[in-house]
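This report refers to the structure that appears directly beneath it.
The values are calculated or read from the model by the stated rules, or taken from the named source; none is laboratory data. Because the structure is predicted, anything quoted here is derived from the model rather than measured. We place every Cβ from the backbone using ideal geometry, glycine too, and count neighbours over all the protein chains shown. Side chains included, ligands, DNA and RNA excluded: accessible areas come from the protein's heavy atoms. Shrake-Rupley method; radii C 1.70, N 1.55, O 1.52, S 1.80 Å.
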Amino acid sequence: MGRAFLVGRLAAADVRRHPVEAALLLLAITAATATLALGLVLRGVTNDPYQRTRAATAGPDAVAGLVNAPTPQKMPGPGGVGPGHQTLYCDDCQPSKDRTAAFDALTHAAGVVAHSGPYPVAWATMSRGPKTSGVAVEGHDQARAPVDQPLITKGHWISGSDDAVVEAGYAQALGIHVGDQISLNGGHFTVVGLAVTAAAPDYPSMQNVLGWSPFPEPGLVWVPRVAAIRLATKAFPLSYLLNLKLSHSLPHTFPPSVRGIIELSGGRLWHVSCPCSIITSDQILQQDAQLIAVERRALTIGSWLLGLLAVASVAVLVGGRMAEQERRVGLLKAVGATPGFVAVVILIENLVLALGAAAAGVVIGWLAAPLLTQPGAGLLGSAGAPSITPTNVLLIVALALGVATLATLVPAMRAARLSTVRALADAARSPRRSPLLINLSTRLPTPLLLGVRLAARRPHRAILAAFSIAVTVTTVVAVITVHSHQVSMTIAGFSAIDNPRTDRINHSLLLVSSTLLMLVVINALFITWSSAIDAKQPLTVARALGATPRQITASLSAAQVISALPGTIVGIPAGIALVAALSHGDAVPVPTAWLVAVFLGTLLGVAALSSLPASLSAHRPVAEILQAEVV
Amino acid sequence: MTDRVGSVLSARRLRKEYGAGAALVQAIKGVDLDVAAGETVAVMGPSGCGKSTLLHLLGGLERPSAGELRLDNARLDQLGEHSLARLRRTSIGFVFQAFHLVEELTAAENVELPALIAGHSPRAARVRSEELLEHVGLRDRAHHLPSALSGGERQRVAIARALSNQPEVVLADEPTGNLDSAATLEVLRLLDELRAGGQTLVIVTHDERVAATADRLVSMRDGVFVEETRLSHGSAGRIGELAGFEG
């Protein structure tokens, strides 16, 4: 009990003596835990809005799609269907009663209690002002449908022959309002309403309801049935959609043995008597959840990157303080503290701070989650309060403690093994000597000569600095790689329009990268200041021997740039590899000029950041420092 | 004090103050000093009398609060930080009580440092370093780190470093303050050799035996010069005798 009290008292006293270092440590770990908390609480936030939308629109339990693609390819019969066949093709490409008759097997299947449709779907190019985009135009009836009656959120349902109702998520992306004029394949329509539906995934995933689309990420527009049929072309003939309501006693996924449904690879379904693909409401929900999932994935990966950066930050902070703590270690040992007790004293302070950071992370994550959990305009209502589950809390605490332990364990063990006499003598840690670098540096101008020697005298600190730069550059390169991919995805002939999925990825990446940059700025400032303090004596001697303050400032900055160089070189391919790994090995090209800009920008950024503490240090009075060194 | 004409280093009404108001400390209270070329001047006085501050002012490590300071007729008190640094490279050599050698550099690398900072080639710096280490009797210790050298050896390395760029004047601040008797004798002999070789020296000390090596002794108390004595002395044997370390 007494020991625990003493450990607590020593930890509290140290925090009081070094409030800035404690605050920086707390900040570094909190950045990682808050980001992880955000990533974790986003799980499942679309469930409620989707179910709400489904209830309000008499949403289907399953939607069957019959695609008439332009490619003249023999449609596979039920017997020929196997894994990998997900896209269905017609052989005549003509709308006909015969083709939709194939839905009869489904409408009369056991357990199907209601249906609506089949509805014709035409593919059209939609123009509104300068913006163009591909859309699926679903021909609907004026009368209310028993299954999937889209719910009007603004305006009214279609009544006239040139009326159009636009899916709300797509309308938001394009900035379409009720009363706007739009053009579909050159035909003019008036937007009379905006609506939500549970029968198709939210924009931009609508094409998944049919499994095929001539356009990437098409929007969804409802027009009168005859208008949709008129929009069909030889190039893009009509497809059909059928909404099904199942018996409540049955699950939403069809049991294959009972209903003749075969599950294909990728989770799509196929009926033995209907040449159509079937998607269940659970699968639509999953598609909607993808919007949040990409955001959650970016935040989770970001939290691990921030965790790595936090390890480097905390290691620098703890390492910087260890020189000062050696005398304290000597005193503790002199009064009988065992090496284990000394290690615990050092560890416990940082672990307690890490627990504080975990708590702060949970609170920040919980408070900030509503900013990221909006389900999208295509669903009704909001996600509600994010849930903090015990598992989430455990993961966040594990991250915080892991960071603190990784960063503190080595200095704590080193302190525990330190000789009591040496610790009490408060001898400065000997710098590392690198004869090769010292010799090579003689050929360099004074700032680089001193900079190379400074970087070489504390290799561990240089490695930590390089590591933190590598993590940051990895993230920055990953972000620009994703952005480059987004730019390359803009389709010829269509204008770039807002994409909720892209927007969400960009928001998450912005959040992660700005937090990371904030941490790396603090790191760079702190590492430079620590280097300046540590190298006070040799730098002051250099000034006494004729080095100017400007040369000293430049040498301190050069030391940081030299440390950052390997981190930058490693970080660039690591960022590209990270995105390639997350996109399942697909190569994502990044313009070389962007990578060169990252390389130069990083080194210039480090030079600029480090120059501030370096300049402060370089202008300290020489005589005062030299006098203080007199023993 | 000596006339300014022919002086390498001169100070007029030199003042240095720290703080303000009630906390004002007057470290140097209007000092006049002239050091002729090749002359060795010892400034002696008790701890805290302002001798180290005077040395820092003379070497441009601190700026005077008032007064005039010249080195080879250049007004040090009017130079900026950058110009002072350039002047230290070429015209001033420092020897410190605490040696102030760079720990991770060998003796030779420490001696090379001023030459490299001054922009000399690595080869020229190495040649000069070898000459100086030979001169101070440490050629065989050239590749040892400071931690492997004795106190006297470290101070001899520091003296060699101070001479690297052939300065007009060498300023030594308590050069034997951290040394034992044997090491003190080594350093005294070396300083005497420098004096004999015509090197201008200003040595600050509170040790009478060190002061006895000088051509002129200036006594300092409470920031002012109180007495000046011209000394006459002979060989290194005389120094040893004065210092009381030999026979």
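Just a few scattered comments:
- Pairing each residue of segment B:130-141 that is among the acidic types (Asp, Glu) with any residue that is open to solvent by 50 Å² or more (accessible area, probe 1.4 Å), provided the two are 6+ apart or on different chains, yields C-beta distances under 9 Å for B:GLU130/B:ARG139.
- Test: residue in segment A:562-584 that is of a type in the set (A, V, I, L, M), open to solvent by less than 10 Å² (accessible area, probe 1.4 Å) and touching a residue at least 40 places away in the same chain (Cβ under 8 Å): yes
- Some residue of segment B:144-151 being touching a helix residue (DSSP H, G or I) at 6+ places or on another chain (Cβ under 9 Å) and more than 14 Å from chain A (Cβ to nearest Cβ): yes
- Those residues of segment A:514-540 which are farther than 23 Å from B:LEU61 by Cβ and either within 14 Å of another protein chain (Cβ to nearest Cβ) or β-branched (Val, Ile, Thr) (or both), in sequence order: A:THR515, A:VAL520, A:VAL521, A:ILE522, A:ILE527, A:THR528
- Looking across B:ALA160, B:ALA183, one residue alone is modelled with pLDDT of 90 or more, in contact with a Ser or Thr (Cβ under 8 Å, 6 or more places away or on another chain) and among the hydrophobic types (A, V, I, L, M, F, W, C). It is B:ALA160.
- Scan of segment B:173-189 for residues that are within 13 Å of chain A (Cβ to nearest Cβ) and under 24 Å from B:GLU130 (Cβ atoms), ordered by number: B:PRO175
- Residue check for B:GLU68: touching a Lys or Arg at 6+ places or on another chain (Cβ under 7 Å) and assigned to a helix (DSSP H, G or I): no
- Of the strands (runs of 3 or more DSSP E) lying entirely inside segment B:1-56, the ones with 1 or more residues being more than 23 Å from B:LEU190 (Cα to Cα) are found at B:7-18, B:25-36.
- Taken together, A:ARG620, A:ARG550, A:ARG543 contain a single residue that is within 14 Å of chain B (Cβ to nearest Cβ), among the charged types (D, E, K, R), in a helix (DSSP H, G or I) and open to solvent by 60 Å² or more (accessible area, probe 1.4 Å), which is A:ARG550.
- Extreme residue, farthest from the other protein chains (Cβ to nearest Cβ), among residues of segment A:432-464 that are part of a loop (DSSP other than H, G, I, E, B) and out of contact with any helix residue (DSSP H, G or I) (no Cβ under 7 Å at 6 or more places or on another chain): A:PRO445
- Scanning segment A:325-373 for residues that are of a type outside the set (A, V, I, L, M, F, W, C) and not in a helix (DSSP H, G or I) gives A:GLY336, A:THR338, A:THR373.
Conditions tested, residue by residue: (1) away from every other protein chain (no Cβ under 11 Å); (2) under 20 Å from B:ASP222 (Cβ atoms); (3) at pLDDT below 90.
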| site | (1), (2), (3) |
| --- | --- |
| B:PRO64 | yes, yes, no |
| B:GLY67 | yes, yes, no |
| B:ARG70 | yes, no, no |
| B:ARG75 | yes, no, no |
| B:GLY80 | no, no, yes |
| B:ARG86 | no, no, yes |
| B:ILE92 | no, no, no |
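- Scanning segment B:4-31 for residues that are touching a helix residue (DSSP H, G or I) at 6+ places or on another chain (Cβ under 7 Å) and among the β-branched types (Val, Ile, Thr) returns B:ILE28, B:VAL31.
- All conditions in (1) in contact with a Pro (Cβ under 8 Å, 6 or more places away or on another chain); (2) modelled with pLDDT of 80 or more hold for A:THR515, with the sole exception of (1).
- Residue check for A:ALA323: among the small types (Gly, Ala, Ser), modelled with pLDDT under 80 and surrounded by fewer than 24 Cβ atoms within 10 Å (Cβ to Cβ): yes
- Residue list for segment B:64-76, restricted to those being surrounded by 18 or more Cβ atoms within 10 Å (Cβ to Cβ) and either without any contact (Cβ under 8 Å) to a residue 40 or more places away in the chain or of a type in the set (D, E, K, R) (or both): B:ARG70, B:LEU76
- Positions within segment B:127-140 being crowded, with 20+ Cβ neighbours inside 10 Å and assigned to a helix (DSSP H, G or I), in sequence order: B:ARG128, B:SER129, B:LEU132, B:LEU133
- Test: residue in segment A:461-476 that is modelled with pLDDT of 85 or more and farther than 27 Å from A:GLY320 by Cα: yes
- Restricted to segment B:88-112, and to residues there that are under 20 Å from A:GLU624 (Cα atoms) and part of a helix (DSSP H, G or I), the residue that is most open to solvent (accessible area, probe 1.4 Å) is B:ARG89.
- Sole exception among (1) touching a residue at least 60 places away in the same chain (Cβ under 8 Å); (2) assigned to a loop (DSSP other than H, G, I, E, B); (3) open to solvent by 60 Å² or more (accessible area, probe 1.4 Å) for A:SER159, by number: (1)
- Filter pass, B:GLY137 being on the phi > 0 side of the Ramachandran plot and touching a Leu at 6+ places or on another chain (Cβ under 9 Å): yes
- Matching entry among B:ARG123, B:ARG154 (being crowded, with 18+ Cβ neighbours inside 10 Å, of a type in the set (Lys, Arg), part of a helix (DSSP H, G or I) and modelled with pLDDT under 95): B:ARG154
- Any hit, segment A:23-46, residues being modelled with pLDDT under 60, open to solvent by 40 Å² or more (accessible area, probe 1.4 Å) and touching a Ser or Thr at 6+ places or on another chain (Cβ under 6 Å): no
- 3 or more residues buried (at least 21 other Cβ atoms within 10 Å of the Cβ) and β-branched (Val, Ile, Thr): qualifying strands (runs of 3 or more DSSP E) within segment B:193-233: B:200-205
- Segment B:1-52, subset among the hydroxyl-bearing types (Ser, Thr, Tyr) and surrounded by 17 or more Cβ atoms within 10 Å (Cβ to Cβ), residue farthest from B:ASP72 (Cα to Cα): B:SER52
- Residue match in segment A:100-113 (condition: more than 24 Å from A:LYS234 (Cβ to Cβ), modelled with pLDDT of 75 or more, in a strand (DSSP E or B) and open to solvent by 20 Å² or more (accessible area, probe 1.4 Å)): yes
- Put simply, of A:ARG225, A:ARG230 the only residue that is modelled with pLDDT of 70 or more, open to solvent by 40 Å² or more (accessible area, probe 1.4 Å) and within 20 Å of A:VAL63 (Cα to Cα) is A:ARG225.
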